[in-house]
Amino acid sequence: MPRRFHRISFDALHRLIETAFRDFGCFGGGVSVDGKINRLGQGLWHDNYWFWITGKNVPAEWTERAYVLRLLAQTYEWQKGPEPLQRLLRESQTLFALRETEFCYPTPEFIGFVRDDSETFGMIETAVPGVSLESFKDETTLRDVGRAAAAIHRLDHQRFGHLPNAVRNCHSTIEPQLPS
């Protein structure tokens, strides 16, 4: 799999996704990509694609939601080394931790890691409906983002021990400023 290149063909992505679901042991390996694979915005550490699945043995609840494939991006020199993989592994741990909390907002569900031999170079998760906030910079959007941020800070930070201390402990270091 030419994972170290900036772009890979959509045919190769189809095969990669179908092989990953077979390796996950989902539905006896009878999973195929339903339609087009769509490129999402590129992240700092990942190239992201969303897609749908189908298959004879795939339950309806699996075919009625979209999925995201995150592939490690190694386009630039600064993306090489262990950090991109470490970030991907922490993302999966965060998804597991969020699943076990009472978080009031939808979050993606971890499906599995994409591997080549024994090397992990990607992850598949469920997609969460929504839109980019880039074009919505009004007061209502800021209020909604603030509510989500407040909900995150109310989570039990013990469940997120895999995150760097600066991130994990940020909610405990924010003290409300009372008027004197």
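The values are calculated or read from the model by the stated rules, or taken from the named source; none is laboratory data. Note that the coordinates shown come from a computational prediction; the quantities given were computed from them, not determined experimentally. When we count neighbours, we look across all protein chains shown, and the Cβ atoms used for this are built from the backbone with ideal geometry, even at glycine.
Is one or more of the residues making up the range 78-98 touching a residue at least 12 places away in the same chain (Cβ under 8 Å), closer than 24 Å to residue 39 by Cα and touching a Ser or Thr at 6+ places or on another chain (Cβ under 6 Å)?
no
Which of the residues spanning the range 115-133 are modelled with pLDDT under 90 and either not acidic (Asp, Glu) or not assigned by TED's automatic domain parsing to the domain that holds residue 73 (or both)?
115, 118, 120, 121, 128, 129, 130, 131, 132, 133 - these are the residues of the range 115-133 that are modelled with pLDDT under 90 and either not acidic (Asp, Glu) or not assigned by TED's automatic domain parsing to the domain that holds residue 73 (or both).
Could you grab the pairs with beta carbons closer than 8 Å, sequence gap of 6+ or different chains, first residue in the range 20-45 and farther than 16 Å from residue 71 by Cα, second one assigned to a loop (DSSP other than H, G, I, E, B) and among the basic types (Lys, Arg)?
Listed pairs, sorted by first residue: 30/56.
Taking the range 40-54 as the region of interest, how many residues are among the aromatic types (Phe, Trp, Tyr) and either in a strand (DSSP E or B) or touching a Cys at 6+ places or on another chain (Cβ under 8 Å) (or both)?
Count: 3.
Out of 68, 33, I need the residue that is within 17 Å of the chain's Cα centre (by Cα) and modelled with pLDDT of 90 or more. Which one?
68
Do we have residue 97 as out of contact with any Pro (no Cβ under 8 Å at 6 or more places or on another chain) and outside the structural domain of residue 62 (by TED's automatic domain parsing) here?
no
Hey, among the residues in the range 78-134 that are acidic (Asp, Glu) and crowded, with 17+ Cβ neighbours inside 10 Å, which one's farthest from residue 157 (Cα to Cα)?
Per the criteria, the residue is 125.
Taking the stated definitions as given, is residue 137 outside any strand (DSSP E or B), exposed (fewer than 12 other Cβ atoms within 10 Å of the Cβ) and assigned by TED's automatic domain parsing to the domain that holds residue 162?
Spelling it out, residue 137 is indeed outside any strand (DSSP E or B), exposed (fewer than 12 other Cβ atoms within 10 Å of the Cβ) and assigned by TED's automatic domain parsing to the domain that holds residue 162.
Are any residues in the range 27-73 within 18 Å of residue 92 (Cα to Cα) and of a type in the set (Phe, Trp, Tyr), and if so, which ones?
Selection gives 45, 49, 50, 67.
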